[in-house]
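The values are calculated or read from the model by the stated rules, or taken from the named source; none is laboratory data. Bear in mind the structure is a predicted one, so any value in this text is a computation, not a measurement. Positions of Cβ are generated from backbone atoms using ideal geometry, with glycine treated the same way; all protein chains shown enter the neighbour counts. Accessible surface areas use protein heavy atoms only, side chains included; no ligands, DNA or RNA. Shrake-Rupley method; radii C 1.70, N 1.55, O 1.52, S 1.80 Å.
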Amino acid sequence: MKIKSSAARLLLAATTCVTVSLSVPAFAGPEEQAARMHSRITGVKPSVDVLKQMAEAIANGNASAAAEMAMQHDAFYDVTLKNLATPWTNRDGDNFAPLNDYTATVIGMVRDDVDFREILSGDIIYTGASGLDLPSYSNSNNNHYEALERSDYPLQVALERRAQSAVTGLPSEATAGVMTTRGGAKAFFYAGTNRAMFRFTLMNHLCRDLEQVHDTSRPPDRIRQDVSRSPGGDSRVFQNNCVGCHSGMDPMAQAFAYYNFEYDVENDPTGENGQLDYNRSGDSDPVTGTRVQAKNHINSATFPYGYVIPDDKWDNYWREGPNMHLGWSGELPGSGYGAKSMGRELANSEAFAQCQVTKVFEQVCLRSPEDSTDRNRVASMTNSFTGNGYQLKQVYADAAVYCAGE
């Protein structure tokens, strides 16, 4: 039976409070560990039979098997994974936003042990399975997923993997995992200059906001026309502040030059019925005269001598300087065309892997890594994650095992 999202989240919060308040020995017994492991992974108590099976596995030295038993519960998908992914789908980090194609794709990828790097580059999307009597997937509304969430179908069995290009009509080479889902586009290609998609992808999947990658040593040659070189009449503000973000962000965000989220500004100001628009080969924007969407040239009079985007070629200037520590892959060139290759650049960084593991650790252990023992464990989990196909369920199992005896 599926646990409804709002009630389930309240239950998860209540379970969390109870778990924290319990006084548990440093070395809890198998049943205590099993109960805690199940509640941390699912937000609910295990049945008597499941508790017994998990405790036996722990007693026999196979705690990972116990964690896998817990992940068979519907609440792991309907609550835990939805709570993990939902804040990534909106600018406010709202944990109670409706299910959409972004969230469903994350949940389905975890369920199917898909290489999690595909989240930023794959031609992949998860929809409700055929035969569930749901509205068809639509590029211009979220009815399909909202109906799925209102139904009694557990996401563990209700989601179906499909090619994003076949569902949405995007060319396969233009798909970039969750970034090119309708949910992602509505949140981060909405208005603006598409820099939001880069910033929030950096925040959600590399655990870095722009302040944390601020670097004024990179060349400013790709900073666009809409950025003043003398904010408030003082060029020092540009040199010491604006350059630090834009010199690295603008060359990377250029990967989104052909994307836009189209909606009726007057009658649908929040874009509830809007849809992703992509300029294919041969398309020409009436404003720019190229495939580049007009939004990339807004406020061009601010600094007319700034960079004018001609195409979707991106370059990672952060491969040199202090942001080398993000751990960029030596197997990738550090430049390319379009969102798909730029997504691979981000997802193959060490920062991406560390971010996913840290988020899961915090969700399961109910705290951030606190000391050298925790940090060493996160490093070990990250090595296991990257060395075994980037499967997020294994990270949940490792975190649950580590924190089960607390």
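Worth pointing out:
- E370/C207 FRET efficiency (R0 22 Å; Cβ-Cβ; nearest 0.05): 0.85
- For the chain, with all protein chains in place and a probe radius of 1.4 Å, 49% of the accessible heavy-atom surface sits on carbon or sulfur.
- Kirkwood-based shape ratio for the stretch 188-321, expressed as Rg/Rh from alpha carbons: 0.98
- D (Stokes-Einstein, µm²/s), Kirkwood Cα radius, the stretch 64-203, 1.002 mPa s at 20 °C: 140 µm²/s
- Accessible area per residue, Å², the stretch 43-163 with all protein chains present, probe 1.4 Å: 41 Å²
- D221-D112 FRET efficiency (beta carbon distance; Förster radius 45 Å; 0.05 resolution): 0.60
- Area of I298 that stays accessible when all protein chains are in place (1.4 Å probe, Å², to 10): 70 Å²
- Computed on protein heavy atoms with a 1.4 Å probe, the accessible areas place D113, D226 in the order D113, D226, largest first.
- Label zone at S151, where the point sits 7 Å out along the Cα-to-Cβ direction: the stretch 68-106 residues whose backbone N lies under 20 Å: 73-83, 98-106
- For the set S329, S64, the ranking by accessible area, highest first and with no ligand, DNA or RNA atoms included, is S64, S329 under a 1.4 Å probe.
- Calculated [222 nm] ellipticity per residue, helices only, for the chain: -12000 deg cm²/dmol; basis is -39500 (n - 2.57) per DSSP H run with n ≥ 4, divided by all residues, nearest 500.
- Under a 5 Å amide H cut-off, with hydrogens placed 1.01 Å from N, F261 pairs with A191, D277 among residues at least 5 apart or on other chains.
- Spin-label pair E320/A294, simplified geometry with 7 Å Cα→Cβ offset, distance in nm: 3.8 nm
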